[in-house]
């Protein structure tokens, strides 16, 4: 499988032994991304130090053959802030989509570190995850997925081990606090690890949480990439990247159970302070809800009420139900199993007169069918240029149609 894979390729990360940045690089190289292209990606960053090296080898992890990627970079005496890393990536020769995804990964890392240490994101200076090898891991994974044409990435539950790990902050419990903060912010599903040790690193957690949706898709498999971890365990220390094309129930009769496993939670309220609905919606979305909506209804004894409805992956049902019970006046929550048909999604960054704006692309059979600018980017650029967010949004839509949708039509 070459690096010029089909543009409607989807990927699923099967992570029986956890995940790290170099394990994901191993998956991508094993799946067909040439290691020379990874090296070229790093050169495109124009890193200040050139005495780094990248090699790949086939190794055995238990009975399984896998690709182990070695990233060697010099130890540095200084630490980088988020703005430093953003500047390095923005000044690179990499595609805009790769830049945007890599910056998103580091932004999530900074937010997690800030939450753990109780400081502002801007004051966070990265230690291990700001080093050259971590920058290579993160940018390399984003570039590899782009090169293999992966339009949507999914992931299974993450195995969380136990023990202690040494860090720049001293000895920390496993999972590392930043790892847990990242997983909690994404509502990521976890499961017991096959043994002790740090199986999910902060870099690995940030990449999966930023780039993947936590569910197993219906797909036709085309190739599997095996990435090896650096350590040997009593079990095969590998991650697996499944590559293929998305399928639907219509294409595979009798497999409707392969559609996304979703649940709809709802509860009726007629005695809650309306000021509490805004924070409730925010908390539900932060806890993993795919959508939340409020519907006015007429309840018993003529009282006006609100039905709170929540759509989410089945894995998030327990967390969301508990949140509804804790943060509302309800005594019960109804749950219905549902499924939905989804358009493929991808992301890109377009250039406007106000600056770069990330856009979410809607794809039907691999063809772009629409573009939605990221609201936060529009608000930020609108404030910087003293124009309305709507003006930035219109400029981004025009740029998306001119550079992405129209040429593909």
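FYI, it's all coordinate maths here, none of it is from the lab. This is a predicted model, so every value here is computed, not measured. Virtual Cβ from ideal backbone geometry, glycine too; neighbours counted across all protein chains shown.
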| Expressed in nm to one decimal, what extension gain is obtained for the pair residue 402 and residue 117 from 0.36 nm per residue of sequence separation less their Cα-Cα distance? | 98.2 nm
| field | Inter-label distance for residue 190 and residue 261, nm, one decimal - labels placed 7 Å from Cα along Cα-to-Cβ | value | 2.0
| said: Please rank 33, 52, 242, fewest neighbouring Cβ atoms within 10 Å first, as an exposure proxy. | reply: 52, 242, 33
| request: Rounded to the nearest 10 degrees, what's the angle between the helix 317-327 long axis and the longest principal axis of the chain, both from Cα atoms, 0 to 90? | output: 50
| task | Please give the helix 96-117 orientation as an angle from the longest Cα principal axis of the chain, in degrees from 0 to 90, rounded to the nearest 10. | result | 70
| task | Please report the relative contact order for the stretch 105-243, taking Cα pairs under 8 Å with a sequence separation of at least 6, and give it as a percent rounded to a whole number. | result | 25
| query | Nearest 10 degrees, 0 to 90: what angle lies between the long axis of helix 389-400 and the longest principal axis of the chain (Cα atoms)? | reply | 50
| field | Residue exposure sequence - 359, 208 - by fewest surrounding Cβ within 10 Å | value | 359, 208
| field | GNM result for the chain, Cα springs below 10 Å: residue of 261, 147, 290 fluctuating most strongly | value | 290
| What full-extension length gain, to one decimal in nm, is calculated for residue 268 and residue 14 as 0.36 nm per residue of separation minus the Cα-Cα distance? | 87.6 nm
| task | Rank the residues 124, 397 as a footprinting-exposure proxy: fewest other Cβ atoms within 10 Å of their Cβ go first. | result | 397, 124
| said: Below 8 Å between Cα atoms, with a sequence gap of 6+, how large is the relative contact order for the stretch 9-246 in percent? | reply: 37
| query | So what is the relative contact order of the stretch 262-409, in percent, for Cα pairs below 8 Å that sit 6 or more residues apart? | reply | 20
| task | Note down the nm distance, to one decimal, between modelled labels 7 Å out along Cα→Cβ at residue 334 and at residue 318. | result | 2.5
| Rounded to the nearest 0.05, what FRET efficiency is calculated for residue 166 and residue 326 with R0 set to 45 Å and r the Cβ-Cβ distance? | 0.75
| note | Under a Gaussian network model of the chain whose springs join Cα atoms within less than 10 Å, the largest fluctuation of 139, 19, 71 belongs to 71
| Contour minus end-to-end for residue 380 and residue 72, with contour as 0.36 nm per residue of separation and end-to-end as the Cα-Cα distance? | 107.2 nm
| Residue-averaged 222 nm ellipticity for the chain, from DSSP H runs of 4+ at -39500 (n - 2.57), nearest 500 | -10000 deg cm²/dmol
